[in-house]
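Shown next, in structure tokens, is the structure this report addresses.
Each reported figure results from applying straightforward, stated rules to the coordinates on display, with no laboratory input. All figures in this text were calculated on a predicted structure; none of them were measured in a lab. Virtual Cβ from ideal backbone geometry, glycine too; neighbours counted across all protein chains shown.
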């Protein structure tokens, strides 16, 4: 299990910086500085402080999966034969590129996966692959028809 992360207090300037960069991480630092009203060097210092505190971690480019032909998003609840099988199963799941997320959960399943496939046939092949993993007793899948909300925590 993960430890509870330390909380970190941010001020109004940090919030302005974060909001701008969350909107577009490619915004030039000098543009952020002009908007916030402090120097570019001060922006860099604050960003380093936020990274050191693990409040932020880099930036990323977001690829549109549909442009690559991935049109089927699904969620899969997995049941294990034994909880002790989890480390081995998770290690195998990390090798499957269609698995985007894996969460230990409360409730019925041992883990809950978010997967992305090209179509329903591809999803069926993936389900068979997952069910063939030693230690997986069964799966339940849910196809996402649409994603109306996709956001980060509000700053």
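Which parts of region 69-106 would a label at residue 120 reach, counting a residue when its backbone N lies under 20 Å from a point 7 Å out along Cα-to-Cβ?
Zone members listed by number: 69-77.
Using only alpha-carbon positions, what ratio does the radius of gyration of the chain give when scaled by 2.2 N^0.38 Å? List each step's numbers first, then the result.
Values: Rg = 20.3 Å, N = 155, 2.2 N^0.38 = 15.0 Å.
Taking the Cα Rg and dividing by 2.2 N^0.38 Å, one obtains 1.36.
Distance from the Cα centre of region 1-64 to that of region 65-143, in angstrom?
33
R0 = 22 Å: FRET efficiency of residue 148 with residue 59, Cβ-based, nearest 0.05? Don't jump to the answer; show the numbers that get you there.
On the way: r = 25 Å, r/R0 = 1.13.
So the FRET efficiency works out to roughly 0.30.
How high is the relative contact order of the chain? Use alpha-carbon pairs under 8 Å, at least six apart in sequence, and give a whole percent.
Values: 154 pairs, mean separation 36.6, N = 155.
Relative contact order of the chain: 24 percent.
Determine Rg/Rh for region 65-144; Rg is computed over alpha-carbon atoms and Rh is the Kirkwood hydrodynamic estimate from the same atoms. Kindly include the intermediate steps, with their values, before the conclusion.
Working: Rg = 12.2 Å, Rh = 12.7 Å.
Ratio of gyration radius to Kirkwood radius: 0.96.
Could you give the C-alpha radius of gyration of region 13-90 expressed as a fraction of 2.2 N^0.38 Å, taking N as the number of residues it contains?
On the way: Rg = 19.8 Å, N = 78, 2.2 N^0.38 = 11.5 Å.
Normalised Rg, Cα atoms only: 1.72.
Relative to a virtual label point 7 Å from the Cα of residue 100 in the Cα→beta-carbon direction, which members of region 114-136 show backbone nitrogen distances below 18 Å?
Correct set: 114-127.
Quick one: go through region 106-128 and flag any residue whose amide nitrogen is under 13 Å from the point 7 Å out along the Cα-to-Cβ line of residue 85.
110-111
Taking neighbour counts of Cβ atoms within 10 Å as a proxy for exposure, in what order, fewest first, do 13, 43 appear? If you can, show how the numbers build up before the last one.
Working: 13 14, 43 21.
Ranking 13, 43 by Cβ neighbours within 10 Å, fewest first, gives 13, 43.
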